[in-house]
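Please treat every number below as a calculation from the coordinates, not as lab data. Predicted model, so just to flag it, every value in this text is computed and none were measured. Every residue, glycine as well, gets a Cβ built from its backbone with ideal geometry; the counts of neighbours run over all protein chains shown.
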Amino acid sequence: MKLLPRPSVQTQIRLTRGMQLVLIGIIVYGFAFAEPKAITNGTMGILITLVPALLERTYDFPLDPWLGLWITLAIFLHTMGSAGLYAQFAWWDHLTHAMSASLVAAIGYTFGRAVDLHSDQITIPSQFAFAFILITVMAFGVIWELFEFGLDIAADATGITMPVAQHGLDDTVRDMMFNTLGAVVVAVFGQAHLLGVAESVTERFSQL
């Protein structure tokens, strides 16, 4: 499959840093205007975006800057949604679910493929990769919806507003639909891009 053009490493890093600066700005806004939700979402977002660099520097775990940009974008979109865009644009929630699902699919495929390349005792046929990605994302989606349901129960019991919540059965079904869409995009177009990342992870496994 022909690889799609992608930004240079320098561009990827600049885009990642730009989104991280916006997340820091959300945290500053939260402290300035006493908005605990902005502080919580912004802090969680910036910490997650630092995970790729932490893995690479602390454990010498290779991660493509493109994957780091992917992670940052998924977190950035969710944080911006929590900052008010979910309420303003009904489609923003669908966008974040599809983006998050594509990220889960990418990580699941990368590590599954890395284990496949690393171990002679485990084989994931290429014909099964599509189904593997879909199953991984759908399972994660179910766990996430149960997590939201648990937060709803906690919110009712404590009166505390939670950062995420369910909005009825129709919303849950739509979330799962867009989760599936994100998984399908990665399953169809992402495998060619992610093979090199999986090979890098495999090399790291071999050094352990």
>> With 10 angstrom as the radius, rank 145, 203 by how many other C-beta atoms surround their C-beta, starting from the fewest.
In response: 203, 145
>> What translational diffusion coefficient, to the nearest whole µm²/s, does segment 29-131 have by Stokes-Einstein, given a Kirkwood radius computed over alpha-carbon pairs, a temperature of 4 °C and 1.567 mPa s viscosity?
In response: 82
> Between residue 57 and residue 153, what length comes free when the chain is fully extended (0.36 nm per residue of separation minus the Cα-Cα distance, one decimal in nm)?
Replying inline: 30.6 nm
